[in-house]
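Enquirer: So that we are looking at the same thing, I have put the structure below in structure tokens.
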């Protein structure tokens with residue numbers, strides 16, 4: 001009986017060892033694969049300089065990029081989330097009247113075709129932030145390319161203070177008597193101020 005139990009224990013340990021070895025090997029391959037396909041990253045910070053998380057951009061193949069990130073320190077609810085056209089994140093930036101306007105140095109949404117908001121190359125799905133201030137996002141885009149991200153002035157990722165309506169304002173609504181979205185909505189989706197920013201860098 002004791003020999004049988006010992007044999008069973010030895011067999012169990014052998015199987016367990018094989019499973020662990022396979023898991024380690026799979027994890028190593030996954031890490032290598034991620035590193036090999038990494039196009040860009042961005043460390044995202046708020047206007048006080050606190051790090052909220054990291055954005056990662058991978059080559060998903062077929063002319064597509066996979067964009068993912070995990071962030072914390074945000075207010076609960078939906079937040080606009082876009083790639084902006086200039087890779088400068090200045091938390092001390094001001095508007096033309098001299099009032100504080102953090103991260104306006106990142107310029108408008110990244111776009112190569114002069115499209116209205118909702119069709120910008122840099123438009124990404126909203127972030128849904130949990131009650132504890134955390135969120136995670138993952139999407140695949142065929143609009144963004146390394147050439148767009150790393151043009152002469154590079155690019156940045158912005159988390160906005162408010163939700164983004166993607167300029168989806170039907171003509172049954174009006175602004176100043178004109179049906180549909182106004183100019184500000186067409187540009188930004190009414191996503192409000194820029195809460196956090198990260199310069200997108202290679203690798």
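The values are calculated or read from the model by the stated rules, or taken from the named source; none is laboratory data. As the structure is a prediction and not an experimental result, all values here were calculated from the model. Heads up, the Cβs are rebuilt from the backbone with ideal geometry, glycines too, and the neighbour counts pull from every protein chain shown.
Enquirer: Is there any pair with a first residue in segment 36-53 that is over 15 Å from residue 156 (Cβ atoms) and a second that is surrounded by fewer than 19 Cβ atoms within 10 Å (Cβ to Cβ) and at pLDDT below 95 whose Cβ atoms are under 7 Å apart and which are 6 or more apart or on different chains, and what are they?
Expert: 38/203
Enquirer: All but one of (1) within 16 Å of residue 56 (Cβ to Cβ); (2) more than 14 Å from the chain's Cα centre (by Cα); (3) surrounded by 19 or more Cβ atoms within 10 Å (Cβ to Cβ) hold for residue 120; state the number of the condition that does not hold.
Expert: Among (1) within 16 Å of residue 56 (Cβ to Cβ); (2) more than 14 Å from the chain's Cα centre (by Cα); (3) surrounded by 19 or more Cβ atoms within 10 Å (Cβ to Cβ), the lone unmet condition for residue 120 is (1).
Residues are listed down the side, and each one gets a yes or a no for (1) closer than 19 Å to residue 118 by Cβ; (2) at pLDDT 95 or above; (3) over 15 Å from the mean Cα position of the chain (by Cα); (4) outside any loop (DSSP other than H, G, I, E, B):
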residue: 148; (1), (2), (3), (4): yes, yes, yes, yes
residue: 153; (1), (2), (3), (4): no, yes, yes, no
residue: 159; (1), (2), (3), (4): yes, yes, no, yes
residue: 170; (1), (2), (3), (4): yes, no, yes, no
residue: 181; (1), (2), (3), (4): yes, no, yes, no
residue: 184; (1), (2), (3), (4): yes, no, yes, yes
residue: 187; (1), (2), (3), (4): yes, no, yes, yes
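Enquirer: Would you check if there is a residue in segment 143-162 being surrounded by fewer than 19 Cβ atoms within 10 Å (Cβ to Cβ), in contact (Cβ under 8 Å) with a residue 60 or more places away in the chain and under 15 Å from residue 78 (Cβ atoms)?
Expert: yes
Enquirer: Would you point out which residue out of 139, 135 is buried (at least 19 other Cβ atoms within 10 Å of the Cβ), in contact (Cβ under 8 Å) with a residue 60 or more places away in the chain and either within 30 Å of residue 61 (Cβ to Cβ) or in contact with a helix residue (DSSP H, G or I) (Cβ under 7 Å, 6 or more places away or on another chain) (or both)?
Expert: On the way: 139 fails: buried (at least 19 other Cβ atoms within 10 Å of the Cβ).
Within the list 139, 135, the selection yields 135.
Enquirer: Enumerate the pairs (first residue in segment 88-109 and on the phi > 0 side of the Ramachandran plot and crowded, with 19+ Cβ neighbours inside 10 Å; second residue anywhere and modelled with pLDDT of 95 or more and part of a loop (DSSP other than H, G, I, E, B)) with beta-carbon separation below 9 Å, excluding pairs fewer than 6 apart on the same chain, so at least 6 apart or on different chains.
Expert: Sorted first by the residue in segment 88-109, then by its partner, the pairs are 103/47; 103/88; 103/89; 103/90; 103/91; 103/93; 103/193.
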